[in-house]
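Structure first, commentary second.
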Amino acid sequence: MSETPRYPRVVVIGGGITGLAAAWRLREGAASREMPVEVTLLESGERVGGALETIRRDGFVMEAGADSFLSEKPAARKLAERLGISGQLINTQEQFRKTLVVRRGRMVPIPEGFSLMAPTWMGPVWRSELFSPWGKLRIAMEPWIPKRSDDGDESLAGFVTRRLGREVLERVAQPLAGGIYTADPATLSIGATLPRFVEMEQKHGSLIRGLQAAAQTKQAQARGTSGARWSLFLSFRVGMDKIVETLAGRLGRSIRNKAQVTEITRTSEGGDAQWTVRCADGTSIQADAVICTAPAYAAAGMIQGVAPPLAAKLREIGYASAATVNLAYRVSDFGKPPDSFGFVVPIIERRKIIAGSFSSLKFAERAPAGMMLARVFIGGALQRRMMEQDDAAMESAAREEFRDLFGVIAEPLFTYVRRWPESMPQYLVGHRGRVSEIEKEAAQIDKFVLAGAYLRGVGIPDCIAGGESAAEAVLASLARPGLAR
């Protein structure tokens, strides 16, 4: 057994953005408190960053995973500011800021003012090709649909169908939710994923009235403020892995790659509980506290011996797999060059992809002049069989869809396939209650904190905020008398 460190040691398990943010916040918080803390981050793979992976080739900047983050949630932007890299943040190219939906093999714009599942104004809906006449009438009826009296959780499908009708579910809500959560709307929790719409229904009795009130508030705030206003999505000029490389550089030798944790156990020495973190290569690390940012199913195996009830709750969180296929084309390969960020594909279209985006239109400097960088998304909860295909079949599916939807006959200059197995936590109906039970069980274990996308948000800012919150909780526990040596 290794010797207990002179001052508290914290082990962070998992080198995704949650773990990196937690480890760095431990460093920041310890410095501000003038409390020395040794931080060790264990990552099972060869690289850190998780779903943030940027590939650079022949002047193209390709994102294999997440390509941006929401600016409305401040954690990611504030971390960039503290790291001194906020000057490299870039906005989307606003002239292309629209999303298309595949309808009977054609690209149709989502009506202006449509917010994920509901319109702010009916004018664009009446003019849209996306919905049938009956579908438009059903949407227009929404302000007169009584609000739900039951305060229990509800599926996205149930919520949208009840308030706006089946066409909105099939044509907009399902493909957009599929793009974000790779989930089945029949089992996806509305309360855990889109709580603001539940709040709108309860407060305004109508989503349309709620969105109109929000629009008026934003207009009033815009008139009364000055200075920089961030766009909805932000990225880094050189790619999303800029924040990963910066964090990894700052953490330096605190990071251990190829360190697959198999078990976490507790011992007591001198009255203080100690953690032993064991790895697959036979090594072990003693720690005063542990932050686990591994996926729920992996965390369950690690903690089984210490907290069987917690492990059982963690195993209730399901996951879906997905893949991205980046494709490099010439702009001239498209008969009519695209003019949008991307498109979503409703499952009722029965295609092999669930969404696509044009990276070089969404952000500047993603492709050389005259070139087009695109990517498609494959898999998810509703297309699990596609994940059984090999890389060549996925590439072929992507090319086939671009031929059918955009008339691109030319071979791509190159492609890049990246699989993300069991990477997308599924926020099923009842998720918030499930998470509350997990957090209650975890709170009973001293100096052990869970964090990750499976808890309270899958976005990059959510993960960063979760990692930082875990770090703050650990620092508070270590600051108690008798622990800092």
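The values are calculated or read from the model by the stated rules, or taken from the named source; none is laboratory data. Note that this is a predicted model, so its numbers are computed, not measured. Heads up, the Cβs are rebuilt from the backbone with ideal geometry, glycines too, and the neighbour counts pull from every protein chain shown.
Tabulated results
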| quantity | calculated |
| --- | --- |
| Residue within region 407-428 that is assigned to a helix (DSSP H, G or I) and not charged (D, E, K, R) present | no |
| Which listed residue, of S469, S436, is farther than 21 Å from M35 by Cβ, without any contact (Cβ under 8 Å) to a residue 24 or more places away in the chain and assigned to a helix (DSSP H, G or I) | S436 |
| Verdict on I353 being crowded, with 24+ Cβ neighbours inside 10 Å and not acidic (D, E) | yes |
| Options T120, T92, T40: the member that is in contact (Cβ under 8 Å) with a residue 40 or more places away in the chain, closer than 21 Å to G342 by Cβ and hydroxyl-bearing (S, T, Y) | T92 |
| Given (1) outside the structural domain of A398 (by TED's automatic domain parsing); (2) at pLDDT 95 or above; (3) over 25 Å from A75 (Cα atoms), index of the condition E468 fails | (3) |
| Enumeration of residues in region 62-112 that are surrounded by fewer than 17 Cβ atoms within 10 Å (Cβ to Cβ) and among the hydroxyl-bearing types (S, T, Y) | S86 |
| Selection status of P175, on the phi < 0 side of the Ramachandran plot, within 22 Å of the chain's Cα centre (by Cα) and assigned to a helix (DSSP H, G or I) | yes |
| Within region 193-250, considering residues that are on the phi > 0 side of the Ramachandran plot and more than 20 Å from the chain's Cα centre (by Cα), the one modelled with the highest pLDDT | G205 |
| Cβ-Cβ under 8 Å pairs, at least 6 apart or on other chains, region 304-317 side touching a residue at least 40 places away in the same chain (Cβ under 8 Å) and surrounded by 14 or more Cβ atoms within 10 Å (Cβ to Cβ), far side assigned to a helix (DSSP H, G or I) and among the basic types (K, R) | K313/R434; E316/R434; I317/R434 |
| Region 121-172: number of residues that are out of contact with any Pro (no Cβ under 8 Å at 6 or more places or on another chain) and outside any helix (DSSP H, G or I) | 17 |
| Scope region 184-199; condition crowded, with 23+ Cβ neighbours inside 10 Å and under 14 Å from P346 (Cβ atoms); matching residues | P185 |
| Failed item, numbered, when P36 is tested on (1) at pLDDT below 95; (2) crowded, with 24+ Cβ neighbours inside 10 Å | (2) |
| Condition check for A294: in contact with a Cys (Cβ under 7 Å, 6 or more places away or on another chain) and of a type in the set (A, V, I, L, M) | no |
| Inter-residue pairs, beta-carbon under 7 Å, first aliphatic (A, V, I, L, M) and in region 400-427, second in a loop (DSSP other than H, G, I, E, B) and surrounded by 19 or more Cβ atoms within 10 Å (Cβ to Cβ), 6+ apart | M424/T182 |
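Yes or no, residue by residue, for (1) crowded, with 19+ Cβ neighbours inside 10 Å; (2) of a type outside the set (S, T, N, Q); (3) more than 26 Å from I180 (Cβ to Cβ):
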{"residue": "P421", "(1), (2), (3)": "no, yes, no"}
{"residue": "M424", "(1), (2), (3)": "yes, yes, no"}
{"residue": "V429", "(1), (2), (3)": "yes, yes, no"}
{"residue": "R434", "(1), (2), (3)": "yes, yes, no"}
{"residue": "Q444", "(1), (2), (3)": "no, no, yes"}
{"residue": "E468", "(1), (2), (3)": "yes, yes, no"}
{"residue": "V474", "(1), (2), (3)": "yes, yes, yes"}
{"residue": "S477", "(1), (2), (3)": "no, no, yes"}
